[in-house]
Amino acid sequence: MTQTKGTLYKGREGMWSWVGHRITGVGIFFFLLVHVLDTSLVRVSPEAYNAVIGAYKNPIMIVGEIGLVGAIVFHAFNGLRIILVDFWSQGTRYHRQMLWTVMGLWVITMIGFTVRHLMLFLDGWGGF
Amino acid sequence: MTTTKSDALLPAQGIEAPRSGRIDPKYLRNGFSKSGSFEMAAWVFMRVSGAALVVLIFVHLAVNLLVGEGIHQIDFGFVAGKWANPVWQFWDLTMLWLAMLHGGNGMRTIINDYAEKDSTRMWLKSILYLSVIVIIVLGTMVIFTFEPCLLDNSGQLLESSPSFCQNV
(Lines give C-alpha, C1' and ligand atoms only; values in the text may rest on other atoms or scores of the structure.)
Protein backbone atom coordinates (compact mmCIF):
# COMPACT_ATOMS: atom_id res chain seq x y z
CA MET A 1 0.00 0.00 0.00
CA THR A 2 1.28 3.48 -0.79
CA GLN A 3 1.67 5.79 2.18
CA THR A 4 -0.38 8.83 1.24
CA LYS A 5 -1.22 11.91 3.26
CA GLY A 6 -3.88 11.80 5.93
CA THR A 7 -5.15 8.75 7.74
CA LEU A 8 -5.87 5.22 6.63
CA TYR A 9 -9.58 5.71 7.15
CA LYS A 10 -10.88 9.27 6.86
CA GLY A 11 -11.92 10.26 3.35
CA ARG A 12 -11.01 6.86 1.98
CA GLU A 13 -12.82 3.67 0.93
CA GLY A 14 -13.43 2.52 4.49
CA MET A 15 -15.15 5.75 5.48
CA TRP A 16 -17.22 6.21 2.34
CA SER A 17 -18.53 2.64 2.36
CA TRP A 18 -19.52 3.20 6.02
CA VAL A 19 -21.33 6.43 5.10
CA GLY A 20 -23.07 4.69 2.19
CA HIS A 21 -24.09 1.79 4.41
CA ARG A 22 -25.67 4.13 6.98
CA ILE A 23 -27.55 6.29 4.47
CA THR A 24 -28.94 3.32 2.52
CA GLY A 25 -29.81 1.55 5.79
CA VAL A 26 -31.86 4.49 7.10
CA GLY A 27 -33.62 4.87 3.77
CA ILE A 28 -34.52 1.18 3.59
CA PHE A 29 -35.76 1.24 7.22
CA PHE A 30 -38.26 4.04 6.52
CA PHE A 31 -39.42 2.36 3.32
CA LEU A 32 -39.96 -0.84 5.31
CA LEU A 33 -42.26 0.96 7.76
CA VAL A 34 -44.36 2.26 4.86
CA HIS A 35 -44.28 -1.08 3.05
CA VAL A 36 -45.63 -3.05 6.02
CA LEU A 37 -48.38 -0.44 6.43
CA ASP A 38 -49.40 -0.54 2.74
CA THR A 39 -49.37 -4.36 2.72
CA SER A 40 -51.55 -4.35 5.86
CA LEU A 41 -54.34 -2.83 3.73
CA VAL A 42 -55.10 -6.38 2.50
CA ARG A 43 -56.89 -6.71 5.86
CA VAL A 44 -58.96 -3.57 5.18
CA SER A 45 -60.33 -4.39 1.73
CA PRO A 46 -59.10 -5.51 -1.69
CA GLU A 47 -60.08 -2.09 -3.09
CA ALA A 48 -58.04 -0.20 -0.48
CA TYR A 49 -54.99 -2.40 -1.10
CA ASN A 50 -55.25 -2.20 -4.89
CA ALA A 51 -55.70 1.58 -4.82
CA VAL A 52 -52.62 2.18 -2.67
CA ILE A 53 -50.42 -0.44 -4.33
CA GLY A 54 -51.46 1.13 -7.66
CA ALA A 55 -49.34 4.12 -6.67
CA TYR A 56 -46.26 1.92 -7.10
CA LYS A 57 -47.15 1.53 -10.79
CA ASN A 58 -46.80 5.26 -11.51
CA PRO A 59 -43.76 6.27 -13.66
CA ILE A 60 -42.35 8.49 -10.89
CA MET A 61 -42.59 5.63 -8.40
CA ILE A 62 -40.92 3.31 -10.93
CA VAL A 63 -37.86 5.58 -10.77
CA GLY A 64 -38.15 5.51 -6.96
CA GLU A 65 -38.25 1.70 -7.01
CA ILE A 66 -35.04 1.59 -9.02
CA GLY A 67 -33.47 3.89 -6.40
CA LEU A 68 -34.80 1.71 -3.57
CA VAL A 69 -33.48 -1.48 -5.15
CA GLY A 70 -30.17 0.32 -5.75
CA ALA A 71 -29.97 1.11 -2.02
CA ILE A 72 -30.92 -2.45 -1.06
CA VAL A 73 -28.40 -4.05 -3.44
CA PHE A 74 -25.58 -1.79 -2.20
CA HIS A 75 -26.48 -2.43 1.45
CA ALA A 76 -26.66 -6.19 0.78
CA PHE A 77 -23.35 -6.49 -1.09
CA ASN A 78 -21.50 -4.11 1.23
CA GLY A 79 -22.97 -5.98 4.22
CA LEU A 80 -21.51 -9.24 2.89
CA ARG A 81 -18.19 -7.38 2.52
CA ILE A 82 -18.41 -6.30 6.19
CA ILE A 83 -19.00 -9.93 7.19
CA LEU A 84 -15.88 -10.93 5.23
CA VAL A 85 -13.84 -8.11 6.80
CA ASP A 86 -14.92 -9.36 10.24
CA PHE A 87 -14.67 -13.12 9.80
CA TRP A 88 -12.26 -13.85 6.92
CA SER A 89 -8.63 -13.93 8.04
CA GLN A 90 -7.58 -11.87 4.97
CA GLY A 91 -10.62 -9.56 5.21
CA THR A 92 -8.90 -6.40 6.39
CA ARG A 93 -6.08 -6.86 3.88
CA TYR A 94 -8.47 -6.97 0.92
CA HIS A 95 -11.25 -4.65 2.17
CA ARG A 96 -10.61 -2.10 -0.59
CA GLN A 97 -10.52 -4.67 -3.38
CA MET A 98 -13.74 -6.10 -1.95
CA LEU A 99 -15.36 -2.64 -2.06
CA TRP A 100 -14.53 -2.30 -5.77
CA THR A 101 -15.94 -5.79 -6.29
CA VAL A 102 -19.11 -4.65 -4.49
CA MET A 103 -19.36 -1.60 -6.76
CA GLY A 104 -18.78 -3.71 -9.87
CA LEU A 105 -21.43 -6.25 -8.89
CA TRP A 106 -23.76 -3.38 -7.98
CA VAL A 107 -23.43 -1.84 -11.47
CA ILE A 108 -24.06 -5.20 -13.18
CA THR A 109 -27.04 -6.03 -10.94
CA MET A 110 -28.56 -2.58 -11.37
CA ILE A 111 -28.22 -2.59 -15.16
CA GLY A 112 -30.05 -5.93 -15.21
CA PHE A 113 -32.74 -4.85 -12.75
CA THR A 114 -33.32 -1.44 -14.35
CA VAL A 115 -33.72 -2.84 -17.86
CA ARG A 116 -36.07 -5.62 -16.70
CA HIS A 117 -38.15 -3.36 -14.44
CA LEU A 118 -38.57 -0.66 -17.11
CA MET A 119 -39.48 -3.20 -19.81
CA LEU A 120 -42.09 -4.89 -17.64
CA PHE A 121 -43.43 -1.49 -16.60
CA LEU A 122 -43.76 -0.23 -20.19
CA ASP A 123 -45.38 -3.54 -21.28
CA GLY A 124 -48.31 -3.17 -18.94
CA TRP A 125 -48.50 0.61 -18.68
CA GLY A 126 -51.78 2.18 -19.77
CA GLY A 127 -50.33 5.66 -20.18
CA PHE A 128 -51.17 8.78 -18.19
CA MET B 1 9.12 -7.50 22.36
CA THR B 2 9.43 -9.95 19.51
CA THR B 3 9.45 -8.42 16.06
CA THR B 4 6.68 -9.77 13.88
CA LYS B 5 6.02 -9.15 10.21
CA SER B 6 3.43 -6.45 10.93
CA ASP B 7 5.82 -4.57 13.23
CA ALA B 8 8.33 -4.34 10.41
CA LEU B 9 5.76 -2.57 8.22
CA LEU B 10 5.08 0.20 10.75
CA PRO B 11 6.73 3.45 9.68
CA ALA B 12 7.92 4.41 13.13
CA GLN B 13 9.67 1.98 15.42
CA GLY B 14 8.77 2.20 19.05
CA ILE B 15 5.08 2.64 18.38
CA GLU B 16 3.19 -0.37 19.56
CA ALA B 17 0.93 -2.15 17.09
CA PRO B 18 -2.74 -1.41 17.81
CA ARG B 19 -4.25 -3.51 20.60
CA SER B 20 -0.91 -5.04 21.49
CA GLY B 21 -1.07 -3.91 25.12
CA ARG B 22 -3.44 -4.66 27.92
CA ILE B 23 -7.05 -4.22 26.87
CA ASP B 24 -9.96 -3.58 29.19
CA PRO B 25 -11.93 -6.88 29.20
CA LYS B 26 -15.11 -5.07 28.16
CA TYR B 27 -13.57 -4.37 24.76
CA LEU B 28 -12.58 -7.96 24.10
CA ARG B 29 -14.65 -10.10 21.78
CA ASN B 30 -14.05 -13.28 23.76
CA GLY B 31 -15.50 -13.66 27.22
CA PHE B 32 -18.91 -12.18 27.88
CA SER B 33 -18.70 -9.40 30.42
CA LYS B 34 -22.07 -8.48 31.87
CA SER B 35 -22.43 -5.09 30.17
CA GLY B 36 -20.93 -6.26 26.90
CA SER B 37 -22.97 -9.36 26.25
CA PHE B 38 -25.96 -7.51 24.78
CA GLU B 39 -23.83 -5.47 22.37
CA MET B 40 -21.91 -8.61 21.46
CA ALA B 41 -25.17 -10.44 20.73
CA ALA B 42 -26.41 -7.44 18.71
CA TRP B 43 -23.18 -7.42 16.69
CA VAL B 44 -23.54 -11.15 15.90
CA PHE B 45 -27.25 -10.73 15.14
CA MET B 46 -26.54 -7.98 12.56
CA ARG B 47 -24.25 -10.31 10.64
CA VAL B 48 -26.40 -13.44 10.87
CA SER B 49 -29.69 -11.65 10.08
CA GLY B 50 -27.98 -9.58 7.38
CA ALA B 51 -26.79 -12.67 5.52
CA ALA B 52 -30.27 -14.23 5.80
CA LEU B 53 -31.96 -11.01 4.64
CA VAL B 54 -29.86 -10.89 1.47
CA VAL B 55 -31.43 -14.22 0.42
CA LEU B 56 -34.93 -13.43 1.74
CA ILE B 57 -35.16 -9.99 0.09
CA PHE B 58 -33.47 -10.88 -3.21
CA VAL B 59 -35.94 -13.75 -3.73
CA HIS B 60 -38.82 -11.50 -2.61
CA LEU B 61 -37.84 -8.86 -5.20
CA ALA B 62 -37.23 -11.40 -7.96
CA VAL B 63 -40.57 -13.20 -7.49
CA ASN B 64 -42.60 -9.98 -7.18
CA LEU B 65 -40.87 -7.73 -9.72
CA LEU B 66 -38.79 -9.73 -12.21
CA VAL B 67 -41.02 -12.63 -13.24
CA GLY B 68 -44.49 -12.66 -14.78
CA GLU B 69 -45.86 -9.18 -15.38
CA GLY B 70 -43.57 -7.60 -12.80
CA ILE B 71 -44.92 -4.60 -10.91
CA HIS B 72 -48.29 -4.73 -12.72
CA GLN B 73 -49.14 -8.20 -11.35
CA ILE B 74 -49.14 -6.99 -7.74
CA ASP B 75 -52.68 -6.67 -6.42
CA PHE B 76 -54.92 -8.24 -3.77
CA GLY B 77 -55.22 -11.49 -5.75
CA PHE B 78 -51.43 -11.75 -6.09
CA VAL B 79 -50.92 -11.42 -2.32
CA ALA B 80 -53.75 -13.89 -1.68
CA GLY B 81 -52.21 -16.37 -4.10
CA LYS B 82 -48.83 -16.15 -2.37
CA TRP B 83 -50.17 -16.46 1.16
CA ALA B 84 -52.27 -19.49 0.22
CA ASN B 85 -48.87 -21.23 0.37
CA PRO B 86 -47.49 -21.63 3.92
CA VAL B 87 -43.95 -21.36 2.57
CA TRP B 88 -44.58 -17.75 1.50
CA GLN B 89 -46.32 -16.99 4.80
CA PHE B 90 -43.26 -18.24 6.66
CA TRP B 91 -40.97 -16.44 4.20
CA ASP B 92 -42.69 -13.09 4.67
CA LEU B 93 -42.97 -13.56 8.45
CA THR B 94 -39.24 -14.29 8.76
CA MET B 95 -38.42 -11.36 6.50
CA LEU B 96 -40.64 -9.04 8.56
CA TRP B 97 -39.11 -9.98 11.91
CA LEU B 98 -35.49 -10.08 10.79
CA ALA B 99 -35.73 -6.87 8.74
CA MET B 100 -37.44 -4.90 11.51
CA LEU B 101 -35.01 -6.11 14.19
CA HIS B 102 -31.99 -5.58 11.90
CA GLY B 103 -33.21 -2.12 10.87
CA GLY B 104 -34.27 -1.28 14.42
CA ASN B 105 -30.85 -2.15 15.79
CA GLY B 106 -29.18 -0.14 13.03
CA MET B 107 -31.33 2.88 13.88
CA ARG B 108 -30.53 2.39 17.59
CA THR B 109 -26.81 2.52 16.75
CA ILE B 110 -27.27 5.69 14.71
CA ILE B 111 -29.31 7.39 17.46
CA ASN B 112 -26.64 6.47 20.01
CA ASP B 113 -23.99 7.95 17.70
CA TYR B 114 -25.59 11.28 16.90
CA ALA B 115 -28.05 12.21 19.67
CA GLU B 116 -25.76 13.58 22.36
CA LYS B 117 -28.33 14.73 24.92
CA ASP B 118 -29.52 11.96 27.24
CA SER B 119 -33.16 13.02 26.98
CA THR B 120 -33.06 13.28 23.17
CA ARG B 121 -31.55 9.82 22.93
CA MET B 122 -34.16 8.42 25.30
CA TRP B 123 -37.04 9.97 23.35
CA LEU B 124 -35.79 8.93 19.92
CA LYS B 125 -35.17 5.37 21.07
CA SER B 126 -38.58 5.18 22.76
CA ILE B 127 -40.24 6.22 19.50
CA LEU B 128 -38.06 3.75 17.59
CA TYR B 129 -38.84 0.79 19.87
CA LEU B 130 -42.56 1.59 19.81
CA SER B 131 -42.55 1.80 15.99
CA VAL B 132 -40.66 -1.50 15.67
CA ILE B 133 -43.07 -3.29 18.03
CA VAL B 134 -46.17 -1.86 16.32
CA ILE B 135 -44.93 -2.81 12.83
CA ILE B 136 -43.88 -6.34 13.85
CA VAL B 137 -47.17 -7.03 15.68
CA LEU B 138 -49.26 -5.52 12.87
CA GLY B 139 -47.42 -7.38 10.12
CA THR B 140 -47.56 -10.70 11.99
CA MET B 141 -51.30 -10.33 12.61
CA VAL B 142 -51.92 -9.47 8.95
CA ILE B 143 -50.08 -12.58 7.74
CA PHE B 144 -51.93 -14.91 10.14
CA THR B 145 -55.44 -13.42 9.97
CA PHE B 146 -55.50 -12.78 6.21
CA GLU B 147 -58.69 -13.97 4.49
CA PRO B 148 -58.32 -14.34 0.70
CA CYS B 149 -61.91 -15.24 -0.28
CA LEU B 150 -64.09 -12.31 0.75
CA LEU B 151 -67.87 -12.20 0.21
CA ASP B 152 -70.00 -9.13 -0.42
CA ASN B 153 -73.28 -8.38 1.42
CA SER B 154 -75.28 -10.75 -0.79
CA GLY B 155 -72.87 -13.63 -0.14
CA GLN B 156 -71.20 -13.45 -3.57
CA LEU B 157 -67.43 -13.73 -3.94
CA LEU B 158 -65.82 -10.35 -4.52
CA GLU B 159 -64.55 -9.84 -8.08
CA SER B 160 -61.06 -9.19 -6.79
CA SER B 161 -60.88 -12.64 -5.18
CA PRO B 162 -58.20 -14.96 -6.55
CA SER B 163 -59.42 -17.71 -8.87
CA PHE B 164 -58.85 -20.56 -6.37
CA CYS B 165 -61.73 -19.14 -4.25
CA GLN B 166 -64.20 -20.57 -6.80
CA ASN B 167 -63.34 -24.08 -5.69
CA VAL B 168 -63.70 -23.50 -1.96
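The values are calculated or read from the model by the stated rules, or taken from the named source; none is laboratory data. What you see is a predicted model; the values in this text were computed from it and never measured. Here Cβ is always computed from backbone atoms with ideal geometry, including for glycine, and neighbour counts include all displayed protein chains.
What the table below lists for this structure:
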item	result
Candidates B:Asn153, B:Asn112 - the one that is out of contact with any Gly (no Cβ under 9 Å at 6 or more places or on another chain) and more than 30 Å from B:Val55 (Cβ to Cβ)	B:Asn153
Conditions (1) free of Cβ contacts under 8 Å to residues at least 24 places away in the same chain; (2) surrounded by fewer than 18 Cβ atoms within 10 Å (Cβ to Cβ); (3) on the phi < 0 side of the Ramachandran plot; number of the one not met by A:Leu105	(1)
Only listed residue being within 19 Å of the chain's Cα centre (by Cα) and within 19 Å of B:Met46 (Cα to Cα), chosen from A:Ile66, A:Ile23	A:Ile23
Answer from A:Val73, A:Val42, A:Val69 - the residue that is under 25 Å from B:Ile143 (Cβ atoms), hydrophobic (A, V, I, L, M, F, W, C), touching a helix residue (DSSP H, G or I) at 6+ places or on another chain (Cβ under 6 Å) and in contact (Cβ under 8 Å) with a residue 40 or more places away in the chain	A:Val69
Tally of residues being of a type in the set (Lys, Arg) and under 19 Å from A:Ile28 (Cα atoms) across segment B:100-130	2
Any helices (runs of 4 or more DSSP H) falling wholly within segment B:1-117 and containing at least 2 residues that are exposed (fewer than 12 other Cβ atoms within 10 Å of the Cβ), at pLDDT 95 or above and away from every other protein chain (no Cβ under 14 Å)	B:86-114
Residue satisfying all of: in segment B:118-151; free of Cβ contacts under 8 Å to residues at least 24 places away in the same chain, facing another protein chain (nearest Cβ under 10 Å) and not in a helix (DSSP H, G or I); surrounded by the most Cβ atoms within 10 Å (Cβ to Cβ) among these	B:Leu150
Any hit, segment A:19-31, residues being outside any loop (DSSP other than H, G, I, E, B), more than 11 Å from every other protein chain (Cβ to nearest Cβ), farther than 30 Å from A:Gly124 by Cα and modelled with pLDDT of 95 or more	yes
In segment A:45-66, residue surrounded by the most Cβ atoms within 10 Å (Cβ to Cβ) [restricted to those that are more than 9 Å from chain B (Cβ to nearest Cβ) and in contact (Cβ under 8 Å) with a residue 40 or more places away in the chain]	A:Ile66
Matching residues, segment B:89-121, being β-branched (Val, Ile, Thr) and within 14 Å of B:Ile136 (Cα to Cα)	B:Thr94
Residue in segment A:93-102 that is exposed (fewer than 13 other Cβ atoms within 10 Å of the Cβ), more than 11 Å from chain B (Cβ to nearest Cβ) and under 19 Å from the mean Cα position of the chain (by Cα) present	yes
